[in-house]
Amino acid sequence: MNKELINSLKGLLGLLLGLSIFLVVFMVGLLVINQNPELLLSEVEEEKPVSLVQDDLVKDGVHVATGLVAKEGYELVVANCTNCHAADLVIQNRGDKEHWVSLINWMQETQGLWDLGDNEEKIVAYLSENYAPIQKGRRANLTDIEWYELKD
Ligand code: HEC
């Protein structure tokens, strides 16, 4: 055999050896992972449904979960008025005591709202105070006007 052939055979052998070492390491790795899958998955934690908003969190005077003004009695409204529809429906509405009482009566007669008992008075007080009719008075005077002179 000539030297060149021997050298290329050596090279081939080296390559094969390298390949088989790689294969063995690869197989062992596969085996280990197969036995202990948590090695790969350890960082993927099971996702639990997490409520983003704390139920009783109040920020800047607003009950964060519902958007209701966090004044006296709002817990009663959260407890009794957010079961069937979002609090938005309450917030978007405005009126005096009479308005709120008639709304509550309407929901009781037609929508299955329960008897609110002693709480009705407190709820109506809360609503008529914090969601009172918007004053529809004359708009405020304009300020900051740049008058221009009429030329004829
Ligand atoms: C048993 C279910 C139920 C409960 C509890 C309930 N509502 Fe309602 N409410 C309804 C339904 C149904 C409607 C009609 C929804 C619609 O039109 O999409 C409604 C509508 C409303 C509206 C809108 C009325 C309009 O003119 O559009 C307001 C305001 C309201 N409710 C306030 C309240 C308040 C305040 C409470 C707590 C005292 C309350 N709701 C509790 C069922 C309920």
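The values are calculated or read from the model by the stated rules, or taken from the named source; none is laboratory data. Keep in mind it's a predicted model, so treat the numbers as computed, not measured. Virtual Cβ from ideal backbone geometry, glycine too; neighbours counted across all protein chains shown. Protein only, heavy atoms only, side chains kept; ligands, DNA and RNA dropped before computing areas. Shrake-Rupley method; radii C 1.70, N 1.55, O 1.52, S 1.80 Å.
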Enter the accessible area of Lys59 (Å², nearest 10), with the probe set to 1.4 Å and all protein chains included. 130
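What is the gain in length, in nm to one decimal, between Glu75 and Thr110 on full extension, counting 0.36 nm per residue of separation less the C-alpha to C-alpha distance? Please list the in-between numbers first.
Numbers: separation 35, 0.36 × 35 = 12.60 nm, distance 2.41 nm.
Full extension from Glu75 to Thr110 adds 10.2 nm.
State which helices in the chain qualify, where a helix is a whole DSSP H run, it must extend 30 Å or more along its own axis by its Cα atoms, and its mean Kyte-Doolittle hydropathy must be at least -1.0.
Values: long enough: 3-35 (48 Å, 1.65).
Within the chain the helices that satisfy the rule are 3-35.
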Determine the calculated [θ] at 222 nm for the chain from helices alone, applying -39500 (n - 2.57) to every DSSP H run no shorter than 4 residues and normalising by the residue count; nearest 500 deg cm²/dmol. -15500 deg cm²/dmol
Lysine pair number, Cα distance threshold 30 Å (strictly under), the chain, separation 8 or more or different chains: 11
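Between Leu17 and Leu40, how high is the FRET efficiency from 1/(1 + (r/R0)^6) when r is the Cβ-Cβ distance and R₀ = 30 Å? Nearest 0.05.
Working: r = 29 Å, r/R0 = 0.97.
Calculated transfer efficiency: 0.55.
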Specify the residue with the greatest mean-square fluctuation among Ser102, Ser128, Ser20, computed from a Gaussian network of the chain linking alpha-carbon atoms under 10 Å apart. Ser20
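Using only the heavy atoms of the protein chains and a 1.4 Å probe, how would Glu120, Glu146, Glu75 rank by accessible area, largest first? Don't skip to the end; give the middle numbers.
On the way: Glu120 40, Glu146 170, Glu75 110 Å².
Descending order: Glu146, Glu75, Glu120.
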The chain shape via C-alpha gyration tensor axes, a/c threshold 1.5: oblate
